[in-house]
1. Just to verify a result, which residue in the range 1-49, among those that are assigned to a loop (DSSP other than H, G, I, E, B) and open to solvent by 90 Å² or more (accessible area, probe 1.4 Å), is nearest to Gly149 (Cα to Cα)?
2. Residues being open to solvent by 40 Å² or more (accessible area, probe 1.4 Å) and outside any helix (DSSP H, G or I): count how many of those fall in the range 224-240.
3. For the range 241-297, which positions are loosely packed, with under 13 Cβ neighbours inside 10 Å, touching a residue at least 24 places away in the same chain (Cβ under 8 Å) and either touching a His at 6+ places or on another chain (Cβ under 9 Å) or basic (Lys, Arg) (or both)?
4. What is the one condition in (1) within 24 Å of Arg139 (Cβ to Cβ); (2) part of a helix (DSSP H, G or I); (3) not β-branched (Val, Ile, Thr) that Tyr201 does not satisfy?
5. Please find, within the range 254-296, the residue that is nearest to Ala145 (Cα to Cα) out of those that are within 16 Å of ligand 1 (Cβ to nearest atom) and of a type outside the set (Gly, Ala, Ser).
6. Can you tell me which residues in the range 142-157 are of a type outside the set (S, T, N, Q) and surrounded by fewer than 21 Cβ atoms within 10 Å (Cβ to Cβ)?
7. In the range 61-86, what count of residues is obtained for those that are part of a helix (DSSP H, G or I) and open to solvent by 10 Å² or more (accessible area, probe 1.4 Å)?
8. Across the range 102-141, what is the number of residues that are open to solvent by 70 Å² or more (accessible area, probe 1.4 Å) and not acidic (Asp, Glu)?
Amino acid sequence: MKCTRCRERAEVHLRAHNSAFCRPCFLFFFRRQVERAIAGERMFAPGERLLVAVSGGKDSLALWDVLADLGYDTTGLYLGLGIGAYSDRSHEKVEAFARRRELPLQVVALESEAAGLAVPEVARVTRRMPCAACGTMKRHYFDTAAHQGGFDVLVTGHNLDDEAARLMGNVLRWQKDHLARQRPVLPPTHPKFVRKVKPLYLLGEYESAVYAFMRGIDYIVEECPNAAGASQLVYKDALNRLEAESPGTKLAFVKEFLRTGQPAFATVERREPEACTVCGMPAYGAVCSFCSLVREVQTKRARTVAASA
Ligand code: SF4
Ligand SMILES: [Zn+2]
Ligand SMILES: [Zn+2]
C-alpha cells in the first residue's frame, strides 16, 4: 500500500480516514490533527502556560511530546494514585520522559498530601468503585495544581475512544447535564478553575500508540488494574465492533454530536459553583465532592476503630 501523501511505501493504514501513511507523513498527520484541534476549538494560544496531566500512558505522553515540539510552554503534572506497582511503573515512565526532554514536571503523591489518601484506600473504606473515587480525587488535584501554579490551561490526553465511550455512556442514561459539558474545551466557571482542553479528542488510541512507537516514547503499556471493572471498557468494546463493521463510526459519532447534538444540551442550566467551606475550591454545595469524600473516609474509619475498641 502506498502513502496517501507522498506515494512512498505506507506503514500505517487508517481506515477511518481512508488513508495510509509512511512514517514521516504519519507523524506530520498526527501533529496536524493536534494543531487543527487547538486552532479550530481555540484551545490556547502561544505564550499561555499549559499544565499537561500525564499518566505515563501513550496518549498523554504523545500529547506532551507534540505540544513541547510545537513550542508551547508546558509543565507536566503526574498524580501518584497509590495503585501499587502500576503507579510505581507509570511514575518512572513519566520521570524518564520529562528528564530526557528536559521538561518541567510536578509530581503530586496522593498519600503524601494533607488528606493522606490513595485511591485503593478510599475505594475500600467507602465501598465505592475505584474509578469513582479516582475521578473525584483526580479532578480535585488537577484543579488545585492548575490554580495554585497560576496556569492558564489544564490539558488532558483524552482521545477519540475515550470521548466516544463517554458519549455512549451519557447517551445511554440521557445524562443531560453531562452532555451539556461534553466538549473539547471547557471555559472556567469559577475564578479558581482554569480552562480545560482535550487536543486529542479526534485522534484514536491506535493513532497515539503508533505515534508513541514511531517517536520512541517509552510509555506504560499495561492498563490500570482497576480498568477491567470499568463500564468505559464495555462501551469501548462495543464501539470497536461498530468501528470494525463501519470504519469512521467513532469519529462521526463524536463530531456530529458536537456539531448538532451538543448545542441542544448546552442550554441545560447548571448552578454556578461557590467556594468549598473546607478547602476553598469551587463546590456545588457547602462542601466540594473531594472534601465530602475525605470526610466520609474519616467518619467510616473512626467508626471501625470505635467498633474494634
Ligand atoms: S482505571 Fe479507574 S482507578 Fe485506574 S486510573 Fe483510571 S479512573 Fe483511576
Ligand atoms: Zn508519505
Ligand atoms: Zn473542598
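The values are calculated or read from the model by the stated rules, or taken from the named source; none is laboratory data. These figures come from a predicted structure and were not determined experimentally. In this analysis, Cβ positions are derived from the backbone assuming ideal geometry, glycine residues included, and neighbour counts consider all displayed protein chains. Ligands, DNA and RNA are excluded from the accessible area calculation, which covers all protein heavy atoms including side chains. Shrake-Rupley method; radii C 1.70, N 1.55, O 1.52, S 1.80 Å.
1. So the residue we want is Pro46.
2. Total meeting the criteria: 2.
3. Listed by number, the residues that qualify are Arg270, Glu272.
4. Evaluating Tyr201 over (1) within 24 Å of Arg139 (Cβ to Cβ); (2) part of a helix (DSSP H, G or I); (3) not β-branched (Val, Ile, Thr) leaves (2) as the failure.
5. The first filter runs over the range 254-296 and keeps only residues within 16 Å of ligand 1 (Cβ to nearest atom), leaving 289-290, 293.
Next, from what is left, pick out any that are of a type outside the set (Gly, Ala, Ser): 290, 293.
Details: Phe290: 14, Leu293: 19 Å.
Only one residue fits best here, namely Phe290.
6. Answer for the range 142-157, where residues must be of a type outside the set (S, T, N, Q) and surrounded by fewer than 21 Cβ atoms within 10 Å (Cβ to Cβ): Phe142, Ala145, His147, Gly149, Gly150, Asp152.
7. Within the range 61-86, residues that are part of a helix (DSSP H, G or I) and open to solvent by 10 Å² or more (accessible area, probe 1.4 Å) number 5.
8. Adding up the residues that qualify gives 8.
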